[in-house]
Amino acid sequence: MSEHAPVIIDVAGLSLSDDDRRRLAHPLVGGMILFGRNWQDREQLADLCAEVKAVRGDLLVSVDHEGGRVQRFRTGGFTHLPPMRRFGELWMKDAKGGEGSGAMRAMAAATAAGYVLGAELRACGVDFSFTPVLDLDFGASSVIGDRSFHRDPRVASMLARSLMHGLLQAGVANCGKHFPGHGYVRADSHLEIPVDDRSLKAILQDDAIPYEWLGNVLTSVMPAHVIYRKVDPRPAGFSPKWLGEILRERLQFQGAIFSDDLSMAGARKIEGRDVSYTEAAVVALNAGCDMLLLCNESVNSEGGRAIDELLDGLEAALERGEWQASEASEQRRLALLPSGPAITWDALMTEPRYMRALQLLP
């Protein structure tokens, strides 16, 4: 059996069912992603995370927790973090400190946000958040919108680096998304497959620059379910050209690559053909993804049957030699687990760094 555990799954409720435990114990499962439905209060969340770790201690407990409208936990003392655009706006406002003072304030505030975000999650047992968004704000994408720091890749890169520094102080890894850029297209890849008709040169000189500049501090990347027609007929997350030739070889990215959610409409068609979850997963792995996200399938009417079908299908495909287990991929997954002990919630509430970080938030 594989020693590569690429699949990240979700669970339906506030605690684990027997089916959840069975799936999390599967050797191809490497982690779990949390949603708002998994939240009641901090104590319950901590208990749920402890239940997951009791199944297997190296499972990565993850969540989409960016700030703004993408923040799964908002009550029980969790800080309401601003959307990333707020930091970009702060950058542009120089005050009495003179030229560049807005940039310095914005970077300090972004670092504070990263620390608050990471420390609060870890105090509840969550390991990892899929943040920051590196997409540029072209004013076109409703699904990205104020999740983006700025239109200028230099500003976006510096603010993302600051946020990642704050996460690192809390012992939390990061995930730049959505490579090479989702901000230019209008369509929502949850619902359809967006197409970007720009040239490779145009994308590399603009959207993809943050991935080049931040390559040595990004611990993971999530590609976009977007087709860049002049580069490859496949969406970036299924493209060996984007993931292998461009991200790994040209940009020299060394961290983990996650597929975006395989249940999204943007993942269900490859080169015009409808594909199953297993087919999509095999294509993503062979394109260069280390890990695969399958979200919100535990709550469908069939009790999570799609998760079981994916795990069975991937196992069979591995035995047939349709994809190869990768020790390097597994090492990249394990590297995303937190570094250092977590601070308890009660201790965090009086910790000087945390209290100062709250003051710096815009």
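For the stretch 100-126, the candidate set comprises residues that are open to solvent by 10 Å² or more (accessible area, probe 1.4 Å) and not in a helix (DSSP H, G or I); within that set, the residue that is farthest from GLN359 (Cα to Cα) is GLY125.
Scanning the stretch 37-71 for residues that are part of a helix (DSSP H, G or I) and open to solvent by less than 40 Å² (accessible area, probe 1.4 Å) yields ASN38, GLN44, LEU45, ALA46, LEU48, CYS49, VAL52. Criterion first (of a type in the set (A, V, I, L, M), within 23 Å of MET104 (Cβ to Cβ) and surrounded by fewer than 22 Cβ atoms within 10 Å (Cβ to Cβ)) does VAL133 satisfy it? No: the conditions fail for VAL133. Of all residues in the stretch 175-194, those being open to solvent by 10 Å² or more (accessible area, probe 1.4 Å) and either at pLDDT 95 or above or within 18 Å of PRO132 (Cα to Cα) (or both) number 2. Residues that are at pLDDT below 95 and out of contact with any helix residue (DSSP H, G or I) (no Cβ under 8 Å at 6 or more places or on another chain) were ranked within the stretch 76-99; the one that is surrounded by the fewest Cβ atoms within 10 Å (Cβ to Cβ) is LYS96. Under the condition of being open to solvent by less than 30 Å² (accessible area, probe 1.4 Å) and under 19 Å from GLY118 (Cβ atoms), the residues counted in the stretch 148-164 number 6. Regarding GLY31, is this residue under 29 Å from VAL221 (Cβ atoms) and under 21 Å from the mean Cα position of the chain (by Cα)? Spelling it out, GLY31 is indeed under 29 Å from VAL221 (Cβ atoms) and under 21 Å from the mean Cα position of the chain (by Cα).
Would you confirm, using the coordinates I've provided, whether ASP232 is of a type in the set (Asp, Glu) and under 28 Å from VAL282 (Cα atoms)? It is true that ASP232 is of a type in the set (Asp, Glu) and under 28 Å from VAL282 (Cα atoms).
Of all residues in the stretch 1-46, those being hydroxyl-bearing (Ser, Thr, Tyr) and in contact (Cβ under 8 Å) with a residue 12 or more places away in the chain number 2. Applying the condition of being touching a strand residue (DSSP E or B) at 6+ places or on another chain (Cβ under 8 Å) and assigned to a loop (DSSP other than H, G, I, E, B) to the stretch 5-25 and asking which residue is surrounded by the fewest Cβ atoms within 10 Å (Cβ to Cβ) yields ALA5. Of all residues in the stretch 151-203, those being touching a residue at least 40 places away in the same chain (Cβ under 8 Å), in a loop (DSSP other than H, G, I, E, B) and among the polar types (S, T, N, Q) number 2. Taken over the stretch 216-249, residues that are under 19 Å from ASP196 (Cα atoms), open to solvent by 10 Å² or more (accessible area, probe 1.4 Å), assigned to a loop (DSSP other than H, G, I, E, B) and of a type outside the set (A, V, I, L, M, F, W, C) amount to 5.
The values are calculated or read from the model by the stated rules, or taken from the named source; none is laboratory data. These numbers were taken from a predicted model, which means no experiment stands behind them. FYI the Cβ positions are ideal-geometry reconstructions off the backbone, even for glycines, and counts take in every protein chain you see. Each accessible area value is taken on the protein alone, full model and side chains, heavy atoms only, with ligands, DNA and RNA left out. Shrake-Rupley method; radii C 1.70, N 1.55, O 1.52, S 1.80 Å.
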